[in-house]
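The structure appears below as structure tokens.
The values are calculated or read from the model by the stated rules, or taken from the named source; none is laboratory data. Quantities reported herein were computed from a predicted structural model and do not represent experimental measurements. Cβ placement follows ideal geometry from the backbone for every residue including glycine, while neighbour counts extend to all protein chains displayed.
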Amino acid sequence: MGPFPSLKGLPEINVNTATDAVILERMDLLHECLSTMGLNCAGHAAGQQNDEYWGADISELISRCTAHEIIHRDFEGNVRKEVVKIKLESLTFEIDANNEICAWIYEES
């Protein structure tokens with residue numbers, strides 16, 4: 001499912017310099033997108049949800065929208081450093097048979 005029209009064209013924010021209000025507003029917008037679709041977190045159907053409102057996932061996604069350095073190995077085994085950020089407008093997800101989000105999918109720059 002996704003991407004969400006309401007996440008397109010948003011101004012970039014840097015979680016290192018933005019106010020708490022700006023960060024929380026962006027998190028709330030993402031939560032609203034998910035909630036309006038009636039989705040549940042993993043474990044909901046079994047009554048074992050750990051994070052019913054996706055707080056940790058949403059926080060991590062919004063934080064990763066700020067450019068950050070990653071270290072990885074390329075196909076030849078060489079260590080590479082890159083600066084990447086999530087393109088929130090590309091966010092999609094997969095749901096399972098219980099209407100629970102089981103995978104977050106997004107593009108990085």
>> Going through Ala97, Ala67 one at a time, which residue ends up being free of Cβ contacts under 8 Å to residues at least 60 places away in the same chain and more than 27 Å from Leu10 (Cβ to Cβ)?
In response: Ala97
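One line per residue, one yes/no per condition, for (1) among the charged types (D, E, K, R); (2) over 16 Å from the mean Cα position of the chain (by Cα):
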{"site": "Tyr53", "(1), (2)": "no, no"}
{"site": "His72", "(1), (2)": "no, yes"}
{"site": "Lys85", "(1), (2)": "yes, no"}
{"site": "Cys102", "(1), (2)": "no, no"}
> Among the residues of the stretch 57-86, which ones are in a strand (DSSP E or B) and closer than 30 Å to Glu100 by Cβ?
Replying inline: His68, Ile70, His72, Val84, Ile86
> Just for the stretch 1-56: of the residues that are hydroxyl-bearing (Ser, Thr, Tyr), assigned to a loop (DSSP other than H, G, I, E, B) and over 19 Å from His68 (Cα atoms), which one is modelled with the lowest pLDDT?
Replying inline: Tyr53
>> Checking Glu69 against (1) in contact with a Leu (Cβ under 9 Å, 6 or more places away or on another chain); (2) surrounded by fewer than 16 Cβ atoms within 10 Å (Cβ to Cβ), only one condition comes out false. Which one?
In response: (1)
> Can you name the residue in the stretch 78-104 that is β-branched (Val, Ile, Thr) and either farther than 23 Å from Cys41 by Cβ or out of contact with any Gly (no Cβ under 8 Å at 6 or more places or on another chain) (or both) and is also surrounded by the most Cβ atoms within 10 Å (Cβ to Cβ) among such residues?
Replying inline: Ile86
> From the residues in the stretch 31-60 that are out of contact with any Cys (no Cβ under 8 Å at 6 or more places or on another chain) and in contact (Cβ under 8 Å) with a residue 60 or more places away in the chain, which one is surrounded by the most Cβ atoms within 10 Å (Cβ to Cβ)?
Replying inline: Leu34
